[in-house]
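Read the figures in this text as sums done on the coordinates, not as results from a lab. These numbers were taken from a predicted model, which means no experiment stands behind them. Note: ideal-geometry Cβ built from the backbone for every residue, glycine included; neighbour counts use all protein chains shown.
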Amino acid sequence: MHPNPAFRQVPPEQSLEFAAQRGFGTLALNGPEGPLLSHVPFVLAQGGHQAAFHLVRSNPIARALAEGPRPAVLAVTGPQGYVSPDWYGIEDQVPTWNYVAVHLRGPLSLLPPEALRAHLDALSARFESDLAPKAPWTAAKMDSAALDRMMRQIVPATLEIAHVDSTWKLSQNKPDPVRLAAAERLQAAGISPEAAALSDLMRALGPA
């Protein structure tokens, strides 16, 4: 996380809501030969106290968890992009990179196999809801034997969220007119598909 306190002012509840909306992150824990990483869609459960997801049974993280819970972090990133010093409209500035990152930390463990179907239903329902007014896909559309065969290849897991840490680096360390000018120029430049979303966050968050 960025050490500048100007970028560390967002409350945990807002960072959790951001993570829930993104619904995709990088799971990391220490393995015997170095860090283990996996990229997972997830849903927050238990009022934001748990992140639930699944892993392919052969995933090294799943194999490590067979020995018991392990400390882990789920890193969720958001819109990000380059900010030119020319966009501020003031002198003696340098290039920077704006971004949002949320880290969810806590013990990671496998769930019993009977928890898998409910997790998969919740996961698909979460993302199908974004496609309204399309009628949501459900597992009921699957042949039961085919679904069972696919489910045997994955295992459910949960991260008990003990700590939420975040960086919202959105030029809050600049005066309002300077930050807003950079947001406008960032959106106008259109340098990435996320530029508009990042620009909106720069406008909305305001100074620390």
Take the Cβ-Cβ distance between SER129 and HIS163 as r, set R0 to 45 Å, and report the resulting FRET efficiency rounded to the nearest 0.05.
0.95
Rounded to the nearest 20 debye, what is the charge dipole size of the chain about its Cα centre when +1 sits on each Lys and Arg Cβ and -1 on each Asp and Glu Cβ?
380 debye
Karplus-derived HN-Hα couplings along segment 173-188 (A = 6.51, B = -1.76, C = 1.60, θ = phi - 60°), whole Hz, x at Gly and Pro:
7, 10, x, 3, x, 5, 4, 5, 5, 5, 4, 5, 5, 4, 5, 5
Which whole-number percent gives the relative contact order of the chain, counting Cα pairs below 8 Å spaced six or more residues apart?
27 percent
Write down the radius of gyration of segment 54-135 and its Dmax, each obtained from C-alpha positions, in Å.
20.4, 61
Taking a temperature of 20 °C and a viscosity of 1.002 mPa s, what whole-number D in µm²/s does Stokes-Einstein yield for the chain with Rh from Kirkwood over alpha carbon pairs?
112 µm²/s
Could you tell me which residue out of PHE127, ILE161, ALA146 lies farthest along the dipole of segment 119-187 toward its positive end? Charges go on the beta carbon: Lys and Arg +1, Asp and Glu -1, centred on the Cα centre.
PHE127
